[in-house]
Each structure stands twice: as C-alpha cells, then as structure tokens.
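The block underneath contains the structure these notes are about, expressed in structure tokens.
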Amino acid sequence: MDRTHRPSAGSARPTTAPSQHVSAPKVVTPRASPVSTPLPVASPLAPAPRPSVRGKFLFVGDTKLRIRGVTYGAFAPDAQGREYHDLEVIERDFALMAAAGINAVRIPHTMPPRALLDLAAACGLHVMVGLSAEQYIGFLIDRRRDAPDIADLVRAKVQSCAGHPALLCYALGNEIPAPMARWLGRRKVERYLERLYRVVKEADPEGLVTYVNYPTTEYLRLPFLDLLCFNVYLESQERFDAYLARLQNLAGDRPLVMSELGLDSLRNGEVVQARSLDWQVRTTFAAGCGGVFVFSWTDEWYRHANDVPDWLFGLTRADRSPKPALAAVSEAFAEAPFAPGLPWPRVSVVVCTYNGARTIRDCLDGLSRLDYPDYEVIVVDDGSTDATGVIARQYDCRLIQTENRGLANARNTGLAAATGEIIAYLDDDAYPDPDWLRYLAATFLRTGYAGVGGPNIAPPGDGSIAECVARAPGGPVHVLVTDREAEHIPGCNMAFRKSSLEAIGGFDPQFRTAGDDVDVCWRLQERGWTLGFHPAAMVWHHRRNSLRTYWRQQIGYGRAEAMLERKWPEKYNGPGHVRWAGRIYGSGLTHALGWRRPRVYHGVWGAAPFQSLYQPAPSLLGSLPQMPEWYLMIASLATIAALSAVWRPFTLAVPLLAVAIVPPLAQAWLSAMRASFPEMPAAPWPTRVRRRLLTALLHLAQPLARLRGRLKEGLTPWRRRGTPAPAPLWPVTTSIWTEHREEQDQRLRTMEAGLRAEGACVLRGGRHDRWDLEVRGGFFGAARLLLGVEDHPGGCQMLRLRWWPDVPARGPILTLAFALLTRSAWHDHAWVAVGVLGAGALFFFWRTLEQSTAAMATIRDAVTRLRGASAQ
C-alpha cells in the first residue's frame, strides 16, 4: 500500500491516536497562559462577494480563487468545551499563514466561533467549515427516542455563520467510516448527505456545500454537491497523478479540491516531508484541481481526550517554529498552477466561424484574456453574410475571409496560416477559461499525445431553453478509454500538434458542418498516435437557445453520422451505430433502462483501501429505446394499428405500440429528473416542472432529429453496400498461382485497401474468427473471405481463397414472420392486409437476397483483381 503510515488504511488522517492508551509526554503548545481569552462580540464586516463555482474552478467575484490552504485543528478544548478559544494564538497563526501565501483554512470537525471567522477575514483567509455529519451517522441505525434532530443541529450550525465574508464553503462531513458506510449501504448514506445538503441550502442558499470523501468510500455518488473534496495520501507521484485523473472524471464539470494531503515528518524526516509536499501540491494544481488543503498547519494535535505527540504532519512544530515543509509549500503555492520557466510552445488558436456575429465577441473577448506567453489568434470567416468580419477586425487577431466552403475547409485554412507548433481549435460560440492554453500546452509538454482536448461547459445566463438543451442528448461530448487517454475530443475544444495534422493531410473537406472532429481523431489513431484529455482545459460553450435551432443541429449530426459510417464502416455495427471503445462523458446523456445494478468493490471483509463503484455497461435491451430505429418501429406499429379496421388481428399492434412507446418516455423522464439545474431548489415549482418537461421533450426529440438526418443521408436499415451484380449464394473456392512472394497479412491489407477504395464496407476478423475479411452488403446480408498461402520454391506462392455468404438471422426471421401473417390474412380474406404484409415479406426477402449477393459480388471482383495483379 503506497500510503503514509497511518492507523486506518483508507482514512485521510488518523482518527484514533496509537498512543492514546499509553502515557506520553504532552506536546508543548504556544499558549501564553492556561486562562482562555474571552470571545469578543463579532463586529460587522464589510460585505464581500461570496465564493461561487464556475465550471472547474472557484471564483470570488470575477477573480479565480485557487485554494492554497491548510487544515487547522483539532486542539484541546477549554473547560467549557470550546476548541477554538485562544484567539491570540489563532490570530498569530492566521497572520503567519497569510505571510506564507496561504489563503484558506479548513476547520474539520468543530463549528468555529464567529470570532474565528472575523480573524480569518481580517487576514484575508477563507474558511471551510465542517458540519460533522459523520458524528451523527449512528443515529441512522439506532433510532432512539432521545436522538437529536440532525437537521436542526446542522441548521443551527449553518445559521451561526451564514453569510460571513470569510466563509468558503460548508463540508457536510469528513470521511464517514467505510465500515459504517458498508453497513448502511451506499444509497442510504447518499440520501442522508443529500438531505443535509438541502438543509444547508435552505439556511444559506448562496453558500457552497461539499462533503469530504476519501478513497475507501470513493463509490459514493453525490452529484448534488457544489464541489468534490477528497482526502488522499499517496507517496508515489505517479500513482497520485493517476488517481487525481480518476477523481477529476468523478467530479465531472465541478471543481475538485484536495481537502487533505500530507506526510508525517516523525517517520519520514522533515526533509523528505518537504520534498513530498512540494510535488504533491504542484501535481495537484497541474492536474487542474481547484485547490488543496495541506494537513496540517501545526504538529499540535488533539484527538479523543489526548494530545497526540507521535504524528507530526504539521508545516510548523507545536511551538509554531517553521519546518522546511512550510517554505516548500509556500513556494509551490506561489507558483501554482505551473512553475515558471517552462518552455511553453507557440500556440495558434483557430476560430472558424460562419454567421457567428451573435457570439463571436464573447469568444474573442475570452481569447484576449488568456494567460499564456506566446499565442496567436486566427479567425477564419467562412463566407459569413452578417457582421462577423466587422466584429473580428476590432480585436488583435488575423482575419481570413473566404467563400463558404464548409467547416473542415475552414479548419484547414487556419492550419495552413498557423505559425504555432500547436493548433488549438475553438468554436465561435465558445470562449475559454484564462488558463485554457496552459493546461493544453502542459499536457503536450509532458506526453506524446498527438491531440489534447478538454471539457466544454454551458455558461449560465443563456436562458431556460439553453439550460435544458445543455442537459439534453446530442451535445459535444468526449470519449475516454482511460482516465487520461481519449478516443474522441469534441471540435469545440481540441488542440493538435501541427506536424501530426499535416501528416494526415488535415481535415476531410467532405464534412461541411459536423463529423470532422470524429474523423480526424480516428485518422490520427489509425497512424498509431494517441489523444489526451485535460479536465481543466475548459471552455464555456453556448448551447442552442431555441427548439428550432436545436432540431436543425441534431439533423446535421445525423447526417454527419451517415457520412462517417460510409467512410469508417468498421467503426459501426450493422444497424449503423458507432462502437466506441471508451466511455462517453458529458452532460445530457440519456440514462439507459436496465436491471443490472452497479456493484461496489469492497475487498474481503471490506478491507480494500480504495473501494470503487463498478457500473455495468448498458444492456442491449436497455439501450434500444435510445436508438433512432426504435422510432421507426413505433411508426410501423402505428401504421399497422391504423389498419386494424381491415383485419382484426392488426389490433394486436395496439398493445405492442403502447409497450414500444413506454421505454422512450420512461428514459426521457428519468433523464430529466436526474438532470441538475443551477438554483433549481430555490426556483418556484412551476418553473421546476417546466424545465423538467422541456428536458424530457428534448430527450424524445433528439433521436427523431438524428433519424431524419440519417435517412436523408442514406443511413437506413435497408441500405445496400457493394457491387449490384449477380453472384452465387453458396461458398466459392478458388486458387491463384503467383511468382511474387508476399506475406499473408500484407496481401490481406492490400485486398482490404482495394475494397475500401471501391466503397465497400470491410471489417477485419478478430482473434477467434475463422475468417479474415467481412464485406457487408447491408443490414441484412454480408460475405466473408478466408485466405490460405502455400509457399513454393523460387519465391512462388499458391493462394487459396474461399468466400461464402453470411446472412444474419434478422432477415430470414422478418421474412418468415411477415409470410406467416400474410398467409393468415389470406385465410381471412383480408386483402388489404394481404397486400401490406405480403409487401413486407417480399421487401425483407429481397433486401436479404440483394445485400448478400452484393457482398459476394464485391469479394468476387476483388479476387479477380488479385488474380490479374498476380499474373503480371
């Protein structure tokens, strides 16, 4: 276990001192006298902006707040049980903290007096206040009559400091013990914390709320929190960096704060402690975290009615004399998020726009505020007819105006004009965080990625429709194969090495409005390069603010899917849906219906120090209602149900139609109910209901729009691929003699390339397949090829080839089903039904025959070309 020596493997700091049962010398404290300083009456402080969350970071007003904090306490209480009673010591500590560049203090367990908050405000410190929900967890099990009202306790604590200018956020609790969380079950703990979250928001609606978690209960899913906090102690920089990437994906679009990290100087030495804290703090900020609290300010520490002398995690000793760690942390804080002197590469930011006058000013304003030493901005105006060019000329950028040639051509124009070694693409309806380029460039500096992307988050204030669209499917998302490696990065926020883009010839001009980003990602990966993702390289991306524009956008995405399927058939399954190897991340994802519940990895007897939630992949049945083809099925059932007047058995389609309609409705409503809206708890109930209903409507409309786009571009279940020519529908075997020796895999690659050049849909056989290449004729028919090579003297070879039709069961089953229904209708003399059902049976039979024949003919032609090449 790569972790500081501690009594609890999963705990972020010791909860029980190992020396509490043996006598030990008391820690010398700096208190001037045993007499407690009386608590003064809190004086009113000037109002200041409350901390707020914007995407992955915290802000105070318009200033980004990077938390550079320490934990403070626990200390021995006075006779009245007050832990933070010696205000002289507190004032001196806070002054020393501020002088060291510390700007935040975390009070982990006890509600601090308001006087402490006043002192913090005077020193410019923000305070994270702990509400101690973990101390009341036992009342969820033992429901005694004399049990306190937990909600009232928490409410009273919040009201005692609500609105104070030093208040950073409320921490509902600190590390609910893993055995108790396992005893209660994940959902009960989650509901408990959500209930307390709502209590806090009722008492202080503008206050930020978090919960301090740790790796042993990582599986808790708390999407309602304003920011994610974790206590993590790892002594390996590589493992710590990797775990931060995992936590960033759990945090999603919210800030991630390391609420505790540190190292014990008693067991490791003060020099090692300083060195370890230096890389821990620097790694945390470089990973894009919103801040860090170092455990702890001082070695003075009191737990369970005892001073603890043998855990020395402090930046200062008990007498407040500084350790080397204080200087190391202070320097790391001052240089966050990146050390000075890095060899930052020149970056060319390319903004492609077409009639983007409504949003491009925000985009260019954001680019002018970038904190990066060497970058240029290139605006490619792709034939706009509005004031886009006029606006762009008001900024320090290079404007290139062309005729309207489409998005991919505009991206290539920017690539050709760029002088940077990194090309960063930004949409005209997006604007970046000031540190956007630093996080992208830092990733390029420390990795070999050909491209790097980051999250795109909908900005607040775009209107209620835009808020709902941001939580609807079809938005730009990223696909990750690991916590840091991407399979796809969306076009509104992507950067590439210029040399890599030039090596693949830039973007494919056929993609005029969408799909170019997916294509370029796949082409780079085809070369063996990889893509990365940095969670803090974020941009604000405006969503569509009307139903009409959202509908048109999704139709365009459907058309792009069809174009991509034609170019990359091996990336798609039979019905024409992309097969991502990674996991899709982003807001607005539709929740699949399913019966497979997530499982928690606890380890034997719940002893695993890192306990994660395993989310099973959605089942096929659960995913079907999300597919556009499901709506085709609904339309077919509705047509059949409408014909029930001409043939009574058609009435069976009515209950089937009802059953088919329920899953999409259930998915849409479930997704809308799980969507998180800003300020939703404080909104009037009619507003909340309208937002949920509109979000559900968008979840229903998006597959329909995609279906329309796919059908318009030819991506239909009955599409045919391959050579439309007669061919046998039985296995064919042949042999070819050649005097030109070539490895078998090279011959197959040549055949594969030739087939794709002819527009065929070709797939390679897998590790366990007894075939080498498959040619798809369409949804209902395919053919497979097997190649064998015999080597002969003189470099000669005998090529033996066999190909045969492969007919999926769906075609014959549908043909047989419609044929049986036709026979039944014939028996009942329902001639209209006979015509409809008979046409359906003939359609499926003909499509199966046509697509299988086309696939066989395509392979036959490829073999003929191979024979001709071998004879030369």
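A few remarks follow.
- The residues on offer are 302, 211, 219, and the sole one that is among the aromatic types (Phe, Trp, Tyr) and either free of Cβ contacts under 8 Å to residues at least 60 places away in the same chain or within 30 Å of residue 459 (Cβ to Cβ) (or both) is 211.
- The lone exception for residue 662 - which of (1) at pLDDT below 85; (2) closer than 27 Å to residue 557 by Cα it fails: (1)
- Single match in 791, 769, 806 (criterion: free of Cβ contacts under 8 Å to residues at least 12 places away in the same chain, open to solvent by 30 Å² or more (accessible area, probe 1.4 Å) and at negative phi): 769
- Contact map, the stretch 336-355: first residue under 17 Å from residue 282 (Cβ atoms) and in contact (Cβ under 8 Å) with a residue 24 or more places away in the chain, second residue crowded, with 22+ Cβ neighbours inside 10 Å and acidic (Asp, Glu), Cβ cut-off under 8 Å, separation 6 or more or different chains; pairs are 337/435.
- Qualifying residue in the stretch 147-168 (condition: assigned to a strand (DSSP E or B) and over 24 Å from residue 675 (Cα atoms)): yes
- Meets criteria (touching a Cys at 6+ places or on another chain (Cβ under 9 Å) and at pLDDT 95 or above) for residue 517: yes
- Among (1) within 19 Å of residue 612 (Cβ to Cβ); (2) in a helix (DSSP H, G or I); (3) at pLDDT below 95 - the single one residue 267 does not satisfy: (1)
- All strands (runs of 3 or more DSSP E) inside the stretch 328-405 with 3 or more residues being in contact with a strand residue (DSSP E or B) (Cβ under 7 Å, 6 or more places away or on another chain) and crowded, with 18+ Cβ neighbours inside 10 Å: 347-353, 375-382
- Matching residues in the stretch 406-445 - criterion: being under 14 Å from residue 354 (Cα atoms), crowded, with 21+ Cβ neighbours inside 10 Å and of a type in the set (Asp, Glu): 427, 428
- Residue match in the stretch 289-312 (condition: in contact with a strand residue (DSSP E or B) (Cβ under 9 Å, 6 or more places away or on another chain), over 15 Å from residue 72 (Cα atoms) and open to solvent by 10 Å² or more (accessible area, probe 1.4 Å)): no
- Filtering the stretch 71-113 to residues that are assigned to a strand (DSSP E or B) and buried (at least 22 other Cβ atoms within 10 Å of the Cβ) leaves 71, 104, 105, 106.
- Selection from the stretch 114-144 of residues that are more than 33 Å from the chain's Cα centre (by Cα), closer than 26 Å to residue 292 by Cβ and open to solvent by less than 30 Å² (accessible area, probe 1.4 Å): 116, 117, 118, 120
- Extreme residue, modelled with the lowest pLDDT, among residues of the stretch 270-299 that are over 15 Å from residue 240 (Cβ atoms) and in a strand (DSSP E or B): 298
- Residue satisfying all of: in the stretch 95-139; of a type in the set (Ser, Thr, Tyr) and free of Cβ contacts under 8 Å to residues at least 40 places away in the same chain; nearest to residue 229 (Cα to Cα) among these: 110
- Comparison of 278, 264 shows that the only residue that is within 38 Å of the chain's Cα centre (by Cα), under 30 Å from residue 534 (Cα atoms) and acidic (Asp, Glu) is 278.
- Here residue 455 meets each of (1) touching a residue at least 40 places away in the same chain (Cβ under 8 Å); (2) over 25 Å from residue 533 (Cα atoms); (3) open to solvent by less than 20 Å² (accessible area, probe 1.4 Å) with one exception, condition (2).
- Among the candidates 783, 757, the residue that is small (Gly, Ala, Ser) and open to solvent by 50 Å² or more (accessible area, probe 1.4 Å) is uniquely 757.
- Every condition in (1) at pLDDT below 85; (2) loosely packed, with under 13 Cβ neighbours inside 10 Å is met by residue 743 except one, and the failing one is (1).
The values are calculated or read from the model by the stated rules, or taken from the named source; none is laboratory data. Since the structure is predicted, the reported quantities are computational estimates derived from the model, not experimental observations. Positions of Cβ are generated from backbone atoms using ideal geometry, with glycine treated the same way; all protein chains shown enter the neighbour counts. Side chains are part of the model used for accessible areas, which takes the heavy atoms of the whole protein and leaves out ligands, DNA and RNA. Shrake-Rupley method; radii C 1.70, N 1.55, O 1.52, S 1.80 Å.
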